[in-house]
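Comments concern the structure below.
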Amino acid sequence: MRLRPLSGTSHSDISAGVGVGVGFDANVMSKENSVTGSFGYSQSTSKGMLAMIDMNGDGLPDKLFLDAGSNSLYYRPNLSGTTGGTGFGDRIAITGINVFQKDKTTGLYHRPRG
């Protein structure tokens, strides 16, 4: 028995941050008379690659997937039905769209301290 994924996504994440501090005291170890702050940015994106969803209205979950090489969507109809057999048919192209799930999250933060 081979295990097959039920869904899948592709992720990309980036983040960066910087901190700055300035002190106005002769004692360099003292935090008195100082100001500090930090700033950061993050971004995360994801794109659906595989999902199990009924594409042809027969009530069975079909295999929807993105062919990353051609950037095209396809589905393979579920052939299980009431016969007791298992498997999926040949891939069928979906025209007009090339993405079924896409998310993007962006975050900024700043922390002034005095």
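The values are calculated or read from the model by the stated rules, or taken from the named source; none is laboratory data. In this text the structure is predicted, and so the values were computed from the model without any measurement. Using ideal geometry, Cβ is built from the backbone for each residue, glycine included, and neighbour counts are taken over all protein chains shown.
At-a-glance table
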{"read-out": "Filter pass, residue 97 being exposed (fewer than 12 other Cβ atoms within 10 Å of the Cβ) and either at pLDDT 90 or above or of a type in the set (A, V, I, L, M, F, W, C) (or both)", "value": "yes"}
{"read-out": "Among the candidates 72, 46, 80, 42, residue that is over 27 Å from the mean Cα position of the chain (by Cα) and polar (S, T, N, Q)", "value": "80"}
{"read-out": "Contacts under 6 angstrom Cβ, first residue in segment 42-53 being more than 14 Å from residue 9 (Cβ to Cβ), partner in a strand (DSSP E or B), 6 or more apart", "value": "42/15; 42/107; 43/14; 43/106; 53/64"}
{"read-out": "Total residues in segment 88-108, condition at negative phi, more than 21 Å from the chain's Cα centre (by Cα) and not hydrophobic (A, V, I, L, M, F, W, C)", "value": "4"}
{"read-out": "Residue match in segment 85-97 (condition: acidic (Asp, Glu), touching a residue at least 12 places away in the same chain (Cβ under 8 Å) and either within 30 Å of residue 17 (Cα to Cα) or not in a loop (DSSP other than H, G, I, E, B) (or both))", "value": "no"}
{"read-out": "Leading residue by the ranking (surrounded by the most Cβ atoms within 10 Å (Cβ to Cβ)) among those in segment 64-84 that are in a strand (DSSP E or B) and hydroxyl-bearing (Ser, Thr, Tyr)", "value": "75"}
{"read-out": "Verdict on residue 50 being outside any strand (DSSP E or B), modelled with pLDDT of 85 or more and either among the basic types (Lys, Arg) or in contact with a Gly (Cβ under 8 Å, 6 or more places away or on another chain) (or both)", "value": "no"}
